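So the structure is just underneath, and the comments pick up after that.
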C-alpha cells in the first residue's frame with residue numbers, strides 16, 4: 001500500500017503509523033496460520049487493535065483534527081502493548097519480532113508528536 005504524505009508537516013509520523021499498521025496486519029495474518037496458544041491469541045488481538053488504531057490515528061493527524069493529540073497518545077499506549085505482547089511470542093513467530101520492532105518505533109514517534117501545526 002502506498003502511503004504518500006510528502007506535503008504533511010507530520011509526514012514522518014504518518015509514515016511510521018502506516019508501516020506499523022501494515023506490519024501488524026502481516027503479523028496477524030501469519031499468526032493465524034499456526035496453532036493458537038493463549039499467548040498467540042493475545043498477540044493476534046494486539047496486532048489487530050494496533051493496526052486499526054494506527055490507521056485511525058493517521059487519519060486524525062492528516063486532517064489536522066483537534067483530537068489528533070488524544071489519538072496519538074492512545075496509539076502510543078496500544079503500540080506499546082502490542083510490542084510487549086509480540087516480544088513474548090518471538091520464539092513462536094518470526095513475524096512477531098518485526099512487529100514488536102516497528103511498534104516500538106511507532107510508540108516513540110507518537111510520544112514525540114508535538115501536535116498538529118507544531
Inset, instruction - Filter the range 95-111 down to the residues that are over 30 Å from residue 35 (Cα atoms) and in contact (Cβ under 8 Å) with a residue 40 or more places away in the chain, then identify the one that is surrounded by the most Cβ atoms within 10 Å (Cβ to Cβ). - result: 110
Legend entry - Restricting the range 53-72 to residues that are touching a residue at least 24 places away in the same chain (Cβ under 8 Å) and within 12 Å of the chain's Cα centre (by Cα), the residue that is nearest to residue 109 (Cα to Cα): 72
Legend entry - Residue within the range 28-44 that is assigned to a loop (DSSP other than H, G, I, E, B), over 17 Å from residue 111 (Cα atoms) and in contact with a helix residue (DSSP H, G or I) (Cβ under 8 Å, 6 or more places away or on another chain) present: yes
Legend entry - Members of the range 1-19 that are within 22 Å of residue 48 (Cα to Cα) and at pLDDT below 90: 1, 2, 3
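State all residues of the range 68-94 that are surrounded by 22 or more Cβ atoms within 10 Å (Cβ to Cβ) and assigned to a helix (DSSP H, G or I); if no residue qualifies, say none.
68, 72, 75, 78, 79, 82, 83, 85, 86
Go through the range 74-118 and give me each residue that's out of contact with any helix residue (DSSP H, G or I) (no Cβ under 7 Å at 6 or more places or on another chain) and over 15 Å from residue 25 (Cα atoms).
Result: 77, 84, 91, 108, 112, 114, 117, 118.
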Legend entry - Flag for residue 47 being in a helix (DSSP H, G or I), within 12 Å of residue 100 (Cα to Cα) and in contact (Cβ under 8 Å) with a residue 60 or more places away in the chain: no
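The values are calculated or read from the model by the stated rules, or taken from the named source; none is laboratory data. Only a predicted model underlies this, so the values are computations on that prediction, with no experimental measurement involved. Please note: Cβ atoms are built from the backbone with ideal geometry, for glycine as well, and neighbour counts cover all protein chains shown.
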